[in-house]
Structure formats: structure tokens, C-alpha cells
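Quick notes on the structure that follows.
The values are calculated or read from the model by the stated rules, or taken from the named source; none is laboratory data. Not measured: the values here are computed from a predicted model. All Cβ positions, even for glycine, are placed from backbone atoms using ideal geometry, and neighbour counts span all protein chains on display. When the accessible area is computed, the model is the full protein with side chains, heavy atoms only, and any ligands, DNA or RNA have been set aside. Shrake-Rupley method; radii C 1.70, N 1.55, O 1.52, S 1.80 Å.
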Amino acid sequence: MAIKYADGSDSDGGRVIQVQFTNFGTQYTNSDGLTNASYQPTGLSCAITPKSTSSKILVWYDQSWFYQTNNPAANGTAQGCGLRLYRGTTEITSRSSYNDWYQDIGTNPNQRIHGRTQSQFLDSPNTTSATTYSLKIQFHTSNFTDLRVQYTDGAQTESRSYMTLMELSA
């Protein structure tokens with residue numbers, strides 16, 4: 001017997017099957033391995049076990065970050081940071097050299113930027129096995145003095161990062 005939903009339909013297509021949520025507040029810095037040389041984990045990750053191989057996973061994230069440089073890039077090129085979204089070890093948001101998102105902080109000296117990146121991605125993992133989504137960040141300059149994610153000043157400022165995964169029926 002079919003289930004009748006409040007909207008009058010009996011179709012399961014497009015319905016939310018489950019939701020997973022996490023927040024993360026541990027600060028990572030350049031002392032912990034954040035660098036301009038490669039994309040490094042931000043520490044933010046969330047896992048979900050899809051009920052069906054045909055399900056879609058809507059990934060929503062809100063990543064905090066902090067960047068400071070005393071001197072602009074020597075050649076006057078812009079400086080900034082980029083994020084990439086991963087399913088397991090597979091990057092799933094490759095769009096350009098800066099990938100999922102890029103924040104340009106300009107070429108002026110003494111730049112201090114504390115920002116948040118929010119984005120969504122609809123994935124088709126085609127599995128019923130536990131699947132972990134995570135973020136990696138890379139800062140695009142070698143002239144940094146301070147790189148951080150989940151920024152905290154040890155007193156009043158604490159920036160947590162968040163991720164929500166929603167399994168949607170096909």
C-alpha cells in the first residue's frame with residue numbers, strides 16, 4: 001500500500017531520507033601543515049550511509065578561515081585561498097585551478113581576512129556504504145604570515161565550521 005503524503009502524492013522521489021550534521025571547532029594553522037604548496041584537510045568532515053544506490057546526497061558546508069600576509073606577492077599577483085570538496089579520497093568539485101571556491105584578498109600589504117565559505121553540491125555516490133565528505137584548503141601565495149581554519153584567538157572569538165548531508169530519494 002502506497003503512503004499518501006501531505007502534498008497529495010504517493011511518490012517517494014525527491015524526498016529527504018536522512019540528514020547528518022556536524023560542526024567542528026578545532027583550529028588548524030600553518031604550524032599544523034596548512035600551506036600554499038598543496039590542498040590540506042580543514043578537519044571538517046561528515047559521514048552518511050545512503051539507503052539506496054540511486055540516492056543523491058546534498059552537501060552543504062560553511063567553512064571558516066583566516067589569512068594574513070605582511071607583504072604582497074613579489075610580482076604583484078593576487079593572493080587568496082581555495083577550497084575543494086572530497087568524497088572519501090576523491091575530489092568531486094574540480095572546476096578550475098582554484099576549484100570549488102576562491103577568495104582573492106588583493107595585492108596590498110598587511111592583509112588580514114577572516115572569512116567564511118558557504119557552498120552546496122549535489123552528489124551521486126552510487127553506494128550504500130558509509131561515505132565521508134570533507135574539505136581541503138590551499139592558500140595561494142608564499143608570502144603568508146598566518147593561515148588558519150576554525151579561527152580562534154583564545155579569548156572571545158571562535159569560528160566553528162559546519163557540514164550538513166541530506167540523502168534525497170531519486
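Okay, here's what the table says:
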quantity: Gly43, sole failed condition from (1) farther than 17 Å from Tyr151 by Cβ; (2) open to solvent by less than 40 Å² (accessible area, probe 1.4 Å); (3) small (Gly, Ala, Ser); calculated: (1)
quantity: Test: Val19 is within 17 Å of Pro125 (Cβ to Cβ) and surrounded by 18 or more Cβ atoms within 10 Å (Cβ to Cβ); calculated: no
quantity: Of all residues in segment 74-91 being in a strand (DSSP E or B) and surrounded by fewer than 16 Cβ atoms within 10 Å (Cβ to Cβ), the one that is modelled with the lowest pLDDT; calculated: Glu91
quantity: Tabulated pairs, segment 1-21, first more than 21 Å from Ala130 (Cβ to Cβ) and of a type outside the set (Asp, Glu), second modelled with pLDDT under 70 and open to solvent by less than 80 Å² (accessible area, probe 1.4 Å), C-beta under 9 angstrom, 6+ apart or interchain; calculated: Ser11/Ala2; Ser11/Tyr5; Arg15/Tyr5
quantity: Which numbered condition Ser38 misses (of (1) over 16 Å from Ser124 (Cβ atoms); (2) of a type outside the set (Lys, Arg); (3) open to solvent by 50 Å² or more (accessible area, probe 1.4 Å); (4) not in a strand (DSSP E or B)); calculated: (3)
quantity: Top-ranked residue of segment 92-129 - restricted to ones that are open to solvent by less than 60 Å² (accessible area, probe 1.4 Å), farther than 29 Å from Pro50 by Cα and of a type outside the set (Ser, Thr, Tyr), ranked as modelled with the highest pLDDT; calculated: Gly115
quantity: Residues (surrounded by 15 or more Cβ atoms within 10 Å (Cβ to Cβ) and either over 18 Å from Thr42 (Cα atoms) or modelled with pLDDT of 70 or more (or both)) located in segment 142-153; calculated: Asn143, Asp146, Leu147, Arg148, Val149, Gln150, Tyr151, Thr152
quantity: Residues that are open to solvent by 10 Å² or more (accessible area, probe 1.4 Å) and in a strand (DSSP E or B), drawn from segment 47-72; calculated: Ala47, Lys56, Leu58, Trp60, Asp62, Gln68
quantity: Condition broken by Gln156, with the remaining ones in (1) surrounded by 18 or more Cβ atoms within 10 Å (Cβ to Cβ); (2) at pLDDT below 95; (3) over 17 Å from the mean Cα position of the chain (by Cα) satisfied; calculated: (1)
